[in-house]
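Report on the structure given below.
The values are calculated or read from the model by the stated rules, or taken from the named source; none is laboratory data. Computed from a prediction, not measured in an experiment: that's the story for all the values here. For neighbour counting, all protein chains shown are included, and Cβ atoms are generated from backbone atoms with ideal geometry for every residue, glycine included. When the accessible area is computed, the model is the full protein with side chains, heavy atoms only, and any ligands, DNA or RNA have been set aside. Shrake-Rupley method; radii C 1.70, N 1.55, O 1.52, S 1.80 Å.
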Amino acid sequence: MKVSEARKNVGGLSNASKMPSKSYGLPAQACKVGGKLRAVKGSTCENCYAFDRGMYVMPVVKAAQARRLATLTRDDWTASMARSINKDKYFRWHDSGDVQSGEHFAKIVEVARATPDCLHWLPTREAQTVAAYTGEIPDNLIVRVSAAMIDGPAPKRFAHTSTVHANTIPVNSHTCPAPDQENECRDCRACWSKEVKNVSYHQH
């Protein structure tokens, strides 16, 4: 399968400007837990940047996200995603949107397993879906379960987590340096590192 054909099968990939890699986005409006948190004052999803701001309101971006969402049930989705990643060394899941189901999460795990030379970072608020998964997660997939509330504690039970701070950074966290470097990752790869327990992002 050609890379171009594979990417067409999955609705294409994203190119988030701050990232050192390609990424993949779904409509924020399709978030399960995030959709509920959007109505909760002080939650990390209350003012979701991907819901109604910036490039995410552009028709071409919204159309691409909708295409990707519609492809999730394809029989060849896993193989096509793995081929789409090609020889990339890093990959970020869901610069917008989130895991849709246990089956979707299992497919992402298989994509990571099929691309062992690529480090995958999957931020998610779907804690129950992650906790319910009974298979083995490959070492090259870092699943960071995200805190629900700004200045709230990191989720428990999970090997890798993330938080959002306005005032309080959890102890032993890596603070995202992007706000001090033009909102770019540059040489930071903490989000992809299995050695970093929690990454804390400044509220934006």
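Counting only residues that are of a type in the set (K, R), in contact (Cβ under 8 Å) with a residue 40 or more places away in the chain and open to solvent by 30 Å² or more (accessible area, probe 1.4 Å), how many does region 53-72 have? Outline the logic, then answer.
Step one: list which residues in region 53-72 are of a type in the set (K, R), which gives 53, 62, 67-68.
If we keep only those that are in contact (Cβ under 8 Å) with a residue 40 or more places away in the chain as well, we get 67-68.
Checking which are open to solvent by 30 Å² or more (accessible area, probe 1.4 Å) leaves us with 67.
Count: 1.
Quick one: E136 ticks every box in (1) free of Cβ contacts under 8 Å to residues at least 12 places away in the same chain; (2) over 24 Å from T73 (Cα atoms) except a single one, so which number is it?
E136 satisfies all of (1) free of Cβ contacts under 8 Å to residues at least 12 places away in the same chain; (2) over 24 Å from T73 (Cα atoms) except (2).
In region 15-42, which residues are in contact with a Gly (Cβ under 9 Å, 6 or more places away or on another chain) and surrounded by fewer than 21 Cβ atoms within 10 Å (Cβ to Cβ)?
A16, P27, Q29, A30, G42
Given the criterion touching a residue at least 40 places away in the same chain (Cβ under 8 Å) and over 16 Å from the mean Cα position of the chain (by Cα), identify the matching residue among A154, A127, A148.
Going through A154, A127, A148 in turn, just one is touching a residue at least 40 places away in the same chain (Cβ under 8 Å) and over 16 Å from the mean Cα position of the chain (by Cα): A154.
Has region 141-155 got any residue that is of a type in the set (D, E) and touching a Ser or Thr at 6+ places or on another chain (Cβ under 6 Å)?
yes
In this structure, does Y49 turn out to be aromatic (F, W, Y) and surrounded by fewer than 18 Cβ atoms within 10 Å (Cβ to Cβ)?
Against the criterion (aromatic (F, W, Y) and surrounded by fewer than 18 Cβ atoms within 10 Å (Cβ to Cβ)), Y49 qualifies.
Restricting the first residue to region 190-204 and requiring it to be without any contact (Cβ under 8 Å) to a residue 24 or more places away in the chain, which pairs with a second residue that is not in a loop (DSSP other than H, G, I, E, B) meet a Cβ separation below 8 Å and a spacing of at least six or different chains?
As it stands, the answer is A190/H174; A190/V199, since those pairs meet every condition given.
Could you look through region 1-14, keep only residues that are crowded, with 17+ Cβ neighbours inside 10 Å and modelled with pLDDT of 95 or more, and pick out the one that is farthest from A66 (Cα to Cα)?
Of region 1-14, the ones crowded, with 17+ Cβ neighbours inside 10 Å are 6-7, 9-14.
Narrowing further to those that are modelled with pLDDT of 95 or more: 6-7, 9-13.
On the way: A6: 17, R7: 14, N9: 13, V10: 11, G11: 8, G12: 11, L13: 12 Å.
Across region 1-14, the extreme among qualifying residues is A6.
With respect to N86, is the statement that it is closer than 20 Å to A178 by Cβ, of a type in the set (S, T, N, Q) and either open to solvent by 40 Å² or more (accessible area, probe 1.4 Å) or free of Cβ contacts under 8 Å to residues at least 60 places away in the same chain (or both) true? It would help to see each step written out before you state the result.
Numbers: closer than 20 Å to A178 by Cβ: no; of a type in the set (S, T, N, Q): yes; either open to solvent by 40 Å² or more (accessible area, probe 1.4 Å) or free of Cβ contacts under 8 Å to residues at least 60 places away in the same chain (or both): yes.
In short, no.
So which residues in region 95-145 are in contact with a strand residue (DSSP E or B) (Cβ under 7 Å, 6 or more places away or on another chain) and open to solvent by 40 Å² or more (accessible area, probe 1.4 Å)? Show your work before the answer.
Looking only at region 95-145, we keep the residues that are in contact with a strand residue (DSSP E or B) (Cβ under 7 Å, 6 or more places away or on another chain), and these are 95, 98-99, 108-109, 112, 118-125, 127, 130, 137, 140-145.
L119, R125, I137 - these are the residues of region 95-145 that are in contact with a strand residue (DSSP E or B) (Cβ under 7 Å, 6 or more places away or on another chain) and open to solvent by 40 Å² or more (accessible area, probe 1.4 Å).
Residues checked against (1) in a loop (DSSP other than H, G, I, E, B); (2) modelled with pLDDT of 95 or more:
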{"position": "D139", "(1), (2)": "yes, yes"}
{"position": "I142", "(1), (2)": "no, yes"}
{"position": "F158", "(1), (2)": "yes, yes"}
{"position": "P170", "(1), (2)": "yes, no"}
{"position": "C191", "(1), (2)": "no, yes"}
